Amino acid sequence: MRFSLVSQVTIRVIGLGLFCLLPSNGPALALQPTKKETFERARFYTSDHAELIGRFYPSFKGKKAPCVMFLHKIGSDSSKDGWDKLAEALQNKGYAVLSFDFRGHGESTVVEKEFWQQPHNQRLRGAAAAVRQKKNSISYKDFDKSYYPYLVNDVAAAKVFLDRKNDANECNSSNVILIGAEDGASLGALWLASEWSRYQVIGGNKLSPLPEGKDVFCAVWLTISHRVGNNVNNVLSLLKHCGKEKKVPMGFLYGDGDAVAENTARDWCASLAREVKETKDNRDAKGLYAKQAIKGGGKLTGSALLQDKLDTEDRIIKYIEAIQEKRALEEFEDRKLDRLTCWSFSNGAPITANEPKEKTIRLIPFQYLTRR
């Protein structure tokens, strides 16, 4: 198992000291030389025909590089706050990074005509007029909260983008690290739970014993929200599923003046730790979860904690490195994007996630996940 290297002593060290401080790099020079861009433009599509735009930061490690995926909060975008600076810091450490805008946000506003043929997209404000006018753009301002969970399909499309980069030997998408802010983090939890229910079909109707969720190495949540819109309000249940059964390490960060977030992080870490079953190969799995207040963060939330004057960036990097010291990274493998996969839930028959040669994952049936 992936967690056989975790011992009772070392994992407690992780739980207590994952977010260590690094020395400050000091103030930036007033005049900086023009530097070459460290990223390439990313463009990919969701299963319901929304175009997503982002930035891919390649790693000098190539096919050996773990992948980091950023998930901004709903109503913001990937260009705000300190996402770019964090991406470059992670890139300098050897990680490949994907930062993108959710549909209707930032640069991800273009949709194909087939987008309006989807029943859930016809519920958007002004959808009927958009169809008549052959409008090819959308804005999050036209989303009501019941629509928010559908953005989980953007996360699925982003993972497929990373899988294609994997097969081009530009990263190792068998090791994905999620960093999400507020309800973007909650969307990450929803997607993560869906991946632990998705399996490759091998030989007839037999499902692989290893779900696709195994690709997620760890997650860092910046002031994670309790819900996604008004449809998914059991984020803790989703995290329990990933923690209790799958033991995905998670770090919870929040401002040191945010009492609500502090209580949430404390309760969730304690609850996740209680739910984890210990085995002889996984001693003291409670230490997989860590919480940390960002000194000076006050009541700042989510990606606002990434501003330069705070040490959030350093703590994130130290957390990931601490987990990497105690957990083995998965070996590189071809993603075999032509394979058939299915979601398998305890309360129903398997649901096809993608047929061979399909470009992305089909709409995630999140309704099944929220019934846990």
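The values are calculated or read from the model by the stated rules, or taken from the named source; none is laboratory data. The shown structure was predicted, so the numbers you read here are calculated from the model rather than taken from an experiment. Please note: Cβ atoms are built from the backbone with ideal geometry, for glycine as well, and neighbour counts cover all protein chains shown.
Among the numbered criteria (1) over 20 Å from Ser186 (Cα atoms); (2) assigned to a loop (DSSP other than H, G, I, E, B); (3) of a type in the set (A, V, I, L, M), which one does Ala89 miss?
Status for Ala89: all satisfied but (2).
Among the residues of the range 232-246, write down those that are more than 18 Å from Ala156 (Cβ to Cβ), touching a helix residue (DSSP H, G or I) at 6+ places or on another chain (Cβ under 7 Å) and surrounded by fewer than 21 Cβ atoms within 10 Å (Cβ to Cβ).
Those that are more than 18 Å from Ala156 (Cβ to Cβ), touching a helix residue (DSSP H, G or I) at 6+ places or on another chain (Cβ under 7 Å) and surrounded by fewer than 21 Cβ atoms within 10 Å (Cβ to Cβ): Leu236, Lys240, Lys244.
For the range 65-109, enumerate the residues that are out of contact with any Gly (no Cβ under 9 Å at 6 or more places or on another chain) and without any contact (Cβ under 8 Å) to a residue 60 or more places away in the chain.
Of everything in the range 65-109, those that are out of contact with any Gly (no Cβ under 9 Å at 6 or more places or on another chain) and without any contact (Cβ under 8 Å) to a residue 60 or more places away in the chain turn out to be Asp84, Ala87, Glu88, Gln91, Asn92, Gly94, Val97, Arg103, Gly104, Thr109.
Can you spot a residue in the range 228-238 that is part of a strand (DSSP E or B), more than 27 Å from Phe56 (Cα to Cα) and touching a strand residue (DSSP E or B) at 6+ places or on another chain (Cβ under 8 Å)?
no
So which pairs qualify, if the first residue must be in the range 315-326 and more than 16 Å from Leu178 (Cβ to Cβ), the second must be of a type in the set (Ser, Thr, Tyr) and at pLDDT below 95, the Cβ gap must be under 9 Å, and the two must be at least 6 apart or on different chains?
Pairs that qualify, where the first residue is more than 16 Å from Leu178 (Cβ to Cβ) and the partner is of a type in the set (Ser, Thr, Tyr) and at pLDDT below 95, are Glu325/Thr10; Lys326/Ser7; Lys326/Thr10.
Would you tally the residues in the range 239-256 being assigned to a helix (DSSP H, G or I) and among the hydrophobic types (A, V, I, L, M, F, W, C)? First the steps, then the outcome.
Keep residues of the range 239-256 that are assigned to a helix (DSSP H, G or I), which gives 239-245.
Okay, now just the ones that are also among the hydrophobic types (A, V, I, L, M, F, W, C), so 239, 242.
Count: 2.
Restricted to the range 207-231, and to residues that are closer than 18 Å to Lys299 by Cα and not aromatic (Phe, Trp, Tyr), which residue is surrounded by the fewest Cβ atoms within 10 Å (Cβ to Cβ)? Break it down stepwise before answering.
Step one: list which residues in the range 207-231 are closer than 18 Å to Lys299 by Cα, which gives 221-226.
If we keep only those that are not aromatic (Phe, Trp, Tyr) as well, we get 222-226.
Numbers: Leu222: 31, Thr223: 28, Ile224: 29, Ser225: 25, His226: 14.
Of everything passing the filter in the range 207-231, His226 is surrounded by the fewest Cβ atoms within 10 Å (Cβ to Cβ).
Just need a number here: residues in the range 51-69 that are under 13 Å from Phe332 (Cβ atoms) and assigned to a strand (DSSP E or B). Explain how you work it out, then say what you get.
Applying the first criterion (under 13 Å from Phe332 (Cβ atoms)) to the range 51-69 yields 59, 61-67.
Keeping just the survivors that are assigned to a strand (DSSP E or B) gives 66-67.
Here the count works out to 2.
Given the conditions (1) under 30 Å from Glu112 (Cα atoms); (2) modelled with pLDDT under 95, and given that Gly15 satisfies all but one, which numbered condition is not satisfied?
Failed condition: (1).
Against the condition aromatic (Phe, Trp, Tyr) and surrounded by fewer than 22 Cβ atoms within 10 Å (Cβ to Cβ), how does Trp196 come out, does it pass?
Numbers: aromatic (Phe, Trp, Tyr): yes; surrounded by fewer than 22 Cβ atoms within 10 Å (Cβ to Cβ): yes.
Answer is yes for this residue.
Hey, could you check the range 337-372 for residues that are surrounded by fewer than 15 Cβ atoms within 10 Å (Cβ to Cβ) and polar (S, T, N, Q) and say which is modelled with the highest pLDDT?
It comes out as Thr352.
Among (1) part of a loop (DSSP other than H, G, I, E, B); (2) over 17 Å from the mean Cα position of the chain (by Cα); (3) within 17 Å of Gly180 (Cα to Cα), which single condition is Ile224 missing?
(2)
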